[in-house]
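Everything below concerns the one structure shown next.
The values are calculated or read from the model by the stated rules, or taken from the named source; none is laboratory data. None of the values given here were measured: they were computed from a predicted structure. Quick reminder, even Gly has a Cβ in these numbers, built from the backbone with ideal geometry, and neighbours come from all protein chains shown.
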């Protein structure tokens, strides 16, 4: 038993390391790619794709029907069980693809943009690729083989990005974005099918579906609500403000939600795979919850500091003047992304404990809040929509935290203590950075760009210094987790 636990711990650490690599490489490639494509294309090009993905993204949320996570949670799935999940996913992906093709013309008319219809025709192919890929990836996650997932995704991402950039350089406009998205899904699917040592056979048992019905149903509905909520913002902006504002708003969200995918995704995917089949270990899950919330705050708060003080300079220097309108909403969306990262940790815990019913109810409420926030906010432009979403996300975090903590028998006071020190460090760094920028402008007559750079460096140095001089409890765990020597001593690598 001891040896088995040690092996599982090694697999967990290795999984976290490779997931961090996967998410980190994806974050770097995606961020660089977004900047390059923003320089090559116009906000309208991104806006047209965002209009189409409102519907293709929502459709994709139905795709695996929670079957991937149900497979990961299953302790000893039989080949018949796996095949049933696979064929059910294939059937459903075909059904979704047909609906998208049929409705594409009506969606184009809704936006009064005929080109959106053609974009939906192209992007709908990704639904078919995802339907094939879902179970193959679930098998790798089940085995904690995150190394292969990381490598496969990086290869497909780099190849598709290279094609997209070349098309952008040669003036293909919006079609460079569409081609890049389709090619990325195609390559990921082909690599997984070729490399994963599993072949589907003609097996289908309705009893296997019944076994995961409750878990999968609520999870599918929750994923649908989550995607609908996120696309609702862009839909409202697209319909009432056009493709220009849609491109600015959607790209702001994409840029600032990448850190959410990097940080939360790095740990959450491995945690769910490793512990979801052992919900009785509440003490471990509770400990993880407290450490995760503090780790999340440590990573996200510096991003908020930079965006609050220097968003205008960042937009002008990195993206260019045609994206200037983005500067006004970046700080708002940055704070929203941070709050949502806390909330997604709560979602993981509810899913791990098998309480997808609670998760569904939380998102039902969130969708209603989003609708009200968007309707009220759209009257004040994209800043109004962003502000409305900030309020809605804050309420969502409060609600999900209130739901999760009793399940783990954690007191709210203990939970809030984990956030007190990181927030104190962030506020101090924010003040010091602002004063440094003011002094640079006043006493050295430096340019706005130079003074902003000085402010950023001083803020980050102050924040890092506080963590070094008075480290938080989770800092030691993070050092161990990402220290290569630690992995070697643990025989992980």
### Message
Could you go through segment 410-430 and let me know if any residue there is farther than 18 Å from residue 297 by Cα and assigned to a helix (DSSP H, G or I).
### Response
no
## Note on the structure
Within segment 167-179, the residues that are farther than 11 Å from residue 36 by Cβ and part of a helix (DSSP H, G or I) are 167, 174, 175, 177, 178, 179
### Summary
Matching residues in segment 427-468 (farther than 22 Å from residue 315 by Cα and in contact (Cβ under 8 Å) with a residue 12 or more places away in the chain) number 6
### Task
Name, by its number, the condition in (1) assigned by TED's automatic domain parsing to the domain that holds residue 341; (2) under 25 Å from residue 112 (Cα atoms); (3) modelled with pLDDT under 90 that does not hold for residue 230.
(1)
### Message
Can you tell me how many residues within segment 354-365 are in a loop (DSSP other than H, G, I, E, B) and surrounded by fewer than 18 Cβ atoms within 10 Å (Cβ to Cβ)?
### Response
1
## Note on the structure
Restricted to segment 78-132 and to residues being farther than 19 Å from residue 55 by Cα and over 28 Å from the mean Cα position of the chain (by Cα), the residue surrounded by the most Cβ atoms within 10 Å (Cβ to Cβ) is 84
## Note on the structure
Taking segment 443-472 and keeping only residues that are loosely packed, with under 13 Cβ neighbours inside 10 Å and modelled with pLDDT of 75 or more, one is left with 457, 468, 469, 470
### Message
So for segment 481-488 (the condition being surrounded by fewer than 12 Cβ atoms within 10 Å (Cβ to Cβ) and either modelled with pLDDT of 65 or more or closer than 21 Å to residue 306 by Cβ (or both)), does at least one residue qualify?
### Response
no
### Top-ranked residue in segment 320-329 [being part of a helix (DSSP H, G or I) and under 22 Å from the mean Cα position of the chain (by Cα); ranked as nearest to residue 46 (Cα to Cα)]
326
### Query
Is segment 411-420 home to any residue that is surrounded by 15 or more Cβ atoms within 10 Å (Cβ to Cβ), under 24 Å from residue 308 (Cα atoms) and over 20 Å from the mean Cα position of the chain (by Cα)?
yes
